[in-house]
Structures are given as C-alpha cells and as structure tokens.
Amino acid sequence: MRIVIDSNIVIAAMIKESTTRKILLNSFFEFIGPDYLLLEVRKYKDRIIEAVDIGENEFEILLSLIFSNITLIPEEEYCELFNSLESKDFKDLPYIAVCIKMKAEGIWSHDPHFLEQEKIKVFTNINLLGFIRERD
C-alpha cells in the first residue's frame, strides 16, 4: 500500500521508539514523499539529537534507518500539479502533489491542514494499524 509520509511523522519516529516507528518500518507499506522531506527533517536535527540524547553519528544512523523505508520523489515529477492545488499551508502542496502524481492511497499525517482539503485521504496511526490488522 503506497502512502505519502509527512515530515512530522518521520520526526516522531526518530524521536521515540513507538507505534509510529513500528508502522514506518512495516513492509506492508510503501512510503513515499517529496524530495525535500529529507531537508525538512534535517532542519530539526539539533532538536532530535537533544530529544533522543544521541550524537551526530547516531543521528545519521537513525536517519538512514528511517529513510531506508521511504522513497523520495524528485520535484520535477510532481511540480506541474502545484498550480492546480490549494492549501492553507504552502508546505503541504508537495505532499499533496506527490500523492496525486504517484497514485498513493493517501498521506500519513497528524497535521490539521491536510484535513482542510478534499483531494487526498489523510491517515493516522490508528488507520494504518487497522490496515496491518486486516492483512494479518
């Protein structure tokens, strides 16, 4: 099942070994995101390092582990959709565009801005856990 993943989910998975991280590492899902997702997560590097109490090397290992299950989609593959999309938060547009362009089932996010649009489905941890249970 192809799902677009939002940066807030990735950051949560990095900060705490939790349900979010378990879902992210589940092979049932094919997680994708706009190419700038990695840059977005790296902006919070210092906060993540402090929250997890790890060094830079450990941060890079954790980042590598998390992103091993995420395919980044280059902007040139989805940018033509920008003019036809609307969102209260401009940073949401690449995620919506990737979802549409790559024919994903929806986006995994807890960002309330995504709930204000009707072009793509928005999934939470509970939704994704339900998909895993249905499969098992």
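Remarks
- Residues of the range 70-84 that turn out to be crowded, with 16+ Cβ neighbours inside 10 Å and assigned to a loop (DSSP other than H, G, I, E, B), as a count: 1
- Within the range 95-106, residues that are aliphatic (A, V, I, L, M) and outside any helix (DSSP H, G or I) have Cβ atoms under 6 Å from residues that are at pLDDT 95 or above and surrounded by 23 or more Cβ atoms within 10 Å (Cβ to Cβ) in these pairs: 104/3; 104/4, counting only partners at least 6 apart in sequence or on another chain.
- Residue identified as among the aliphatic types (A, V, I, L, M) and at pLDDT 95 or above among 132, 49: 49
- Residue, surrounded by the fewest Cβ atoms within 10 Å (Cβ to Cβ), within the range 96-136, restricted to residues that are touching a strand residue (DSSP E or B) at 6+ places or on another chain (Cβ under 8 Å) and of a type in the set (Val, Ile, Thr): 124
- When restricted to residues that are in contact with a helix residue (DSSP H, G or I) (Cβ under 6 Å, 6 or more places away or on another chain) and in a helix (DSSP H, G or I), the range 115-133 contains 2.
- Of everything in the range 29-62 that is of a type outside the set (Gly, Ala, Ser) and part of a loop (DSSP other than H, G, I, E, B), the residue that is surrounded by the fewest Cβ atoms within 10 Å (Cβ to Cβ) is 53.
- Failed item in (1) farther than 14 Å from residue 6 by Cβ; (2) within 11 Å of the chain's Cα centre (by Cα), with residue 57 passing the rest: (2)
The values are calculated or read from the model by the stated rules, or taken from the named source; none is laboratory data. Being a predicted model, the structure only gives us computed values, none of them experimental. Reconstructed Cβ throughout: ideal geometry from the backbone, glycine too, with neighbour counts over all protein chains shown.
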